[in-house]
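Encoded as structure tokens, the structure appears first; notes follow it.
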Amino acid sequence: MVTSDCVFCRIVAGETPATVVHETATTLAFRDIHPQAPVHVLVIPKAHHADVAALAVADPGLAGDVLATAAAVAAAEGVAASGFRLVFNTGADGGQDVFHAHGHVLGGVRTGPMVAR
Ligand code: 5GP
Ligand code: ZN
């Protein structure tokens, strides 16, 4: 039974498959379906918040959990020392497509300029 219109809530519920690489009581990390770097993992709060700004206002502790999980993912993926980019696209100008807060952990490549010109 589909319980949500939100694709990431469906992944949390186990209704949509995903390659999970890390899980805590409050967060989930899984590989992006269209990876843009050798390491491309999405880190989300299990609870639904539309974007990282709403998450930070509603539950700062949970926002911290997401950051801690992103750091643990970077270490587990072997990019903590080489470096990585942690991106939270937010809203239309931020290029956000999925409106369930998520951080992209991008690594294994020199990521280049932060903003395309
Ligand atoms: P945004 O553009 O919102 O920052 O990023 C959304 C990301 O979610 C995109 O990189 C996209 O490839 C990824 N994505 C969208 N749907 C799915 C899905 O069903 N499974 C997984 N693993 N990734 C998804
Ligand atoms: Zn959701």
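The values are calculated or read from the model by the stated rules, or taken from the named source; none is laboratory data. Small disclaimer: the values here were computed from a predicted structure and weren't measured. FYI the Cβ positions are ideal-geometry reconstructions off the backbone, even for glycines, and counts take in every protein chain you see. The area values use the complete protein model at the heavy-atom level, side chains included, leaving out ligands, DNA and RNA. Shrake-Rupley method; radii C 1.70, N 1.55, O 1.52, S 1.80 Å.
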Requested in this report: May I ask you to list pairs of residues, at least six apart or on different chains, whose Cβ atoms are under 6 Å apart, with the first in the range 90-109 being in contact (Cβ under 8 Å) with a residue 12 or more places away in the chain and closer than 17 Å to Ala71 by Cβ and the second being part of a loop (DSSP other than H, G, I, E, B) and near ligand 1 (Cβ under 10 Å from one of its atoms)?
Outcome: Ala101/Asp51; Gly103/Phe88
Query raised in the report: Taking the range 62-90 as the region of interest, how many residues are away from ligand 2 (no atom under 16 Å from the Cβ) and assigned to a loop (DSSP other than H, G, I, E, B)?
Result: 7
Query raised in the report: Conditions: (1) among the aliphatic types (A, V, I, L, M); (2) under 13 Å from the mean Cα position of the chain (by Cα); (3) away from ligand 2 (no atom under 13 Å from the Cβ); (4) open to solvent by 40 Å² or more (accessible area, probe 1.4 Å). Val57 meets all but one. Number of the miss?
Result: (2)
Query raised in the report: If you go through the range 74-90 one residue at a time, do you hit one that is surrounded by fewer than 20 Cβ atoms within 10 Å (Cβ to Cβ), of a type in the set (Gly, Ala, Ser) and closer than 22 Å to Cys6 by Cβ?
Result: no
Report summary line: How many residues of the range 32-48 are crowded, with 17+ Cβ neighbours inside 10 Å and within 13 Å of Val105 (Cα to Cα)? The answer is 8
